[in-house]
Every structure is written in C-alpha cells, then in structure tokens.
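The values are calculated or read from the model by the stated rules, or taken from the named source; none is laboratory data. From a predicted model like this one, the values you see are computed outputs, not experimental measurements. Heads up, the Cβs are rebuilt from the backbone with ideal geometry, glycines too, and the neighbour counts pull from every protein chain shown.
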Amino acid sequence: MIDFQLPRGWCISRISDISIKGEQRKPSAEEVFLYIDIGSINRDSKCIESPQKLIGKDAPSRARKVINTGDILVSLTRPNLNAVALVPHELDNQIASTGLEVIKSLLVDSRYIFALTRSKDFIESISGTVQGALYPAAKSSDVQAYTFPLPPLAEQKIIADKLDILLEKVETTKTCLEHVPEIIKFFRQSVLAAAVSGKLTEEWRLKNPTEQARFHIEKHNANKKGLLKVRGKNDWKSEVNLFELPTNWDWIENHELAIDKSNAICAGPFGTIFKAKDFRDEGIPIIFLRHVKESGFNQTKPTFMDKEVWKEIHQDYSVFGGELLVTKLGDPPGECCIFPEEMGVAMVTPDVLKMNVDANLANKKYLKHFFNSPISKKMLAEAAFGATRLRIDIALFKLFPIPLPPLEE
C-alpha cells in the first residue's frame, strides 16, 4: 500500500503490469546448458555465482524456465532470505529452476525493478504470503501482484545509475570494514607487546626513578609463611629465550606474585570429584573455558554446582571477585581475564586456573595484559604440551616467568 504522494509523472504499478510471461521448456536429452537454482544465488552479493553445467538427460524436473539477459530471478522458497539476482549476459538463454520466479521486465529499466526486489517493502510483502512450515514458500502470483511506485523510464535510468554507484561504494566500504577486526587485533597485539616489553614506558622511565622490581618483591615476600607450595625447579631458560629487560625490570616467577595462601594459584577439582551429576539449574556458577575471554569474562551459557556439594568439597576452587582466570587449554593456552567483583562466588573447572594476585607486588591488570600478549602466547606455545591440544599445568604456571616492571610503572 502506497501511503505517500507520488512525484509528478510517477504512477502505481504491479510487477505483472511491467513484465511478460516467460518461456518454459524441457531441455533435450543431449542439450548442454547452465542450470540456475536457488543455491546458485549468493544472498549477500545478490549475484549468480555457481550455476551448474548439466546435460538434458541428467537435468532435474524443475529445470524448465528459460532466462535471458536482464531478467530478475526471485527465490520463492524462504523469500525472507531475499535470494534475488539480475541475469548477466553470459547466462542468456540458459535454464532456471521453477523454484525461481523470473521477472521479464518490458519497457522499464530492469535495474530499477531489481532494486525494488531488494527493498525491505518487497521482502516483507512477499514473506507475508508464504505457505508451508518446513519449506515456507511464496507463489508466483504473490510476486506478480506486488505493488510499487513507478517513475518515467528516463527517471528510472537515473535512479538505477545512482543506485549502481552508491551500492558499489557500499560494497567497497563493506569489504574495508571486514578487515577492521583483524587490523584492530593486530594493533592490540602490537600495543600489548610494547607494554610488556617496556617500550611503551621508555619516556616515563627517564623522568621517574624507581626501585628494582626484584628488591621490592624479596623484601615483601620475606614475611610470607610459604603457604603456596611450588614443586620442581624453573627451567624456562632452557625452554624459551627470555629477552633483555629495561632498567629496574626483572623476570619474576609467577608464584612470587600471588598472595600467601595454599590455593592462591590452583585449577578446579579433578574429574573424580567434579561430576556432571552435581550440576544444577541454579547454585554456584561454574567457570568453564568458554567463559574466559581476552575481551573479558563471558557470562553466556551458565552452569551451576549444587550448593551443598560446593560447601562440602569445592570451596578451595572458589573465586569471589578480582582473581585472574587463565585457560589451561587452547591454541595456545593462557587466555586471561579478571573475574568481575560484582559476580559473587563462583568456582573454576579443572581446565581453568585461578590466581589471587598480591596487590602489594603486582598490578593484576598488567598481568592480565601480559598473559594475553603475543610474547606470553609465544612462550606458552613453546613450553606447553599435548599431542592434539596444547595444555599448561599448575606447576608450569606457578614457575612462569613474568617480565615485571616496578609497581609504579
């Protein structure tokens, strides 16, 4: 329904008023032709991309509609997906499926009609007439009955020309925007690498004297009781090449930056006590790999542990807000985020590490950025183990070398 005043010289028309009925025929047995069905049309580009080369004897029974240059093809199946296309000259006199409505425009600019078939009004009009639940489809008569404003032929050409130019710019812009996420990711990784190698604060260091990072850590940790146990010895120097650090920075083992508690660095419970039968629709949220993202804690698809089971055997694996969460598995592992303060209590799974950072020694946001940096990812990839999926264990994570600046920096 047209509810606005038309410009001078325009009129209301139907598709049936500006088109003629097309030819249908059965290809001869030995005839070779290009066959266009719904799957041949790219719904995004609105172009015919993959016509099939067939011989008549192998053609499906739906291969009947003769198409010519400038015809407009409209998919009758699931019209809401708007699989439409303008027939190019190289497909002149080929065969299309009866599942496509062929608009053979007469005395109008076919590009203008093609633009109409891509409009929201056309899609909604045709989609509102569909029948069938499994494969909803419109009828040929629904397309032919579509009502639209029609300008004079000369104006149609002007509109079509302008649309061609504008839509080409849209596609160019779209192509450029598709590369933006990769550009942003590259830029982010470059910034993180600069930050955790000291390049980002080169000028700051010239103006701000600081204490050697290791001196400060050793003084503070001298008063700890050693409740966080560390097994094995650090052989990172044999695993990876640790680069030279700026003045007053030091390579510090990760466990030295945790609070003095036995579970300051730990993963979730072993599978023998971590059982799906204890999962509930509500209770204590369980943190899986899918929840730990570089962009932040992902709260989708929550799963919960039975509160009583958690109270009895899982409290040691709990987080309360502000802890670092690090993935044990991945390609590479080590994706990190901070558990939000406002979330309340939750617990980690065996595939997620949690770390309570000692705020007197390290800034947890700095540590998060380090673990997500390309430097950390490269180090972890070199030291992680696993045939099909790389993995880090708790011992390796506790001894993980951190390029640590003084706390102020």
Among the numbered criteria (1) surrounded by 13 or more Cβ atoms within 10 Å (Cβ to Cβ); (2) of a type in the set (Gly, Ala, Ser); (3) assigned to a loop (DSSP other than H, G, I, E, B), which single criterion is violated by Gly226?
-> (1)
Restricting segment 45-91 to residues that are part of a strand (DSSP E or B) and touching a residue at least 60 places away in the same chain (Cβ under 8 Å), the one farthest from Thr175 (Cα to Cα) turns out to be Thr77
Does Gly9 fit the bill of being exposed (fewer than 12 other Cβ atoms within 10 Å of the Cβ) and not acidic (Asp, Glu)?
-> yes
Residues being of a type in the set (Asp, Glu), over 19 Å from Gly321 (Cα atoms) and either at pLDDT 95 or above or surrounded by 17 or more Cβ atoms within 10 Å (Cβ to Cβ) (or both): count how many of those fall in segment 259-304.
-> 1
From the list Ala83, Ala115, which residue is buried (at least 18 other Cβ atoms within 10 Å of the Cβ) and under 30 Å from Glu31 (Cα atoms)?
-> Ala83
Hits in segment 187-198 (condition: surrounded by 11 or more Cβ atoms within 10 Å (Cβ to Cβ) and part of a helix (DSSP H, G or I)) = Arg188, Gln189, Ser190, Val191, Leu192, Ala193, Ala194, Ala195, Val196, Ser197
Selected residue (criterion: nearest to Ser318 (Cα to Cα)) from residues of segment 330-372 that are modelled with pLDDT of 95 or more and small (Gly, Ala, Ser) | Ala346
Any chance segment 212-222 includes a residue that's surrounded by 14 or more Cβ atoms within 10 Å (Cβ to Cβ) and either in contact with a Gly (Cβ under 6 Å, 6 or more places away or on another chain) or assigned to a loop (DSSP other than H, G, I, E, B) (or both)?
-> no
Exactly one of Leu163, Leu167, Leu116, Leu107 is under 23 Å from Ser45 (Cβ atoms) and assigned by TED's automatic domain parsing to the domain that holds Arg64, and that one is Leu116
Subset of segment 229-256 that is assigned to a helix (DSSP H, G or I), within 35 Å of the chain's Cα centre (by Cα) and not hydrophobic (A, V, I, L, M, F, W, C) - its residue that is modelled with the lowest pLDDT | Glu239
List pairs: first in segment 152-169 and under 15 Å from Leu116 (Cβ atoms), second among the small types (Gly, Ala, Ser), Cβ under 6 Å, 6+ apart or cross-chain?
-> Leu163/Ala115
